[in-house]
Amino acid sequence: MEMPSHTNPSLLNEVEDLEVCCREGRPARCVRRYRIRIDRQQHVVNVTCMNGRQLLEIAGKCDVTKWKIFQKLCGQMQEIGLDEDVCFTTPGVEKFKTMPLDQTEGQ
């Protein structure tokens with residue numbers, strides 16, 4: 001994925017931590033790498049946006065049809081669809097949580 005044209009060249013080697021941005025009440029800067037938390041595990045990713053399927057995969061949930069993922073956005077949990085994109089520069093994106101689907105869901 002290419003970096004947006006408005007990226008500040010001096011920020012290319014920075015890692016932006018989404019939880020820190022949320023705690024400081026500011027949007028994430030447009031940088032090359034982002035530190036995100038999925039469940040209790042931190043991951044550094046080299047893209048600005050990912051979809052729900054990709055987030056589940058880096059969280060180690062190999063069979064994505066058995067899991068759902070939520071984002072904490074401005075203090076509220078919102079479900080992310082498997083093919084729904086999440087951009088880390090969206091103000092208020094804090095962290096992600098996975099949950100197994102119930103036996104009756106996803107069948």
20 Å Cα-Cα reach of K95 towards lysines, excluding residues that sit fewer than 8 places from it in its own chain: K61, K68, K72
Set of aspartates and glutamates near K97 by C-alpha distance (under 13 Å), chain-local residues within fewer than 8 positions excluded: D39, E57, E79
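At 0.36 nm per residue, and after removing the present C-alpha to C-alpha distance, how many nm does the segment from L82 to E57 gain when stretched out fully?
7.9 nm
No value in this document is a laboratory result; all are computed from the given coordinates. Since we're looking at a predicted model, the values are computed, not measured.
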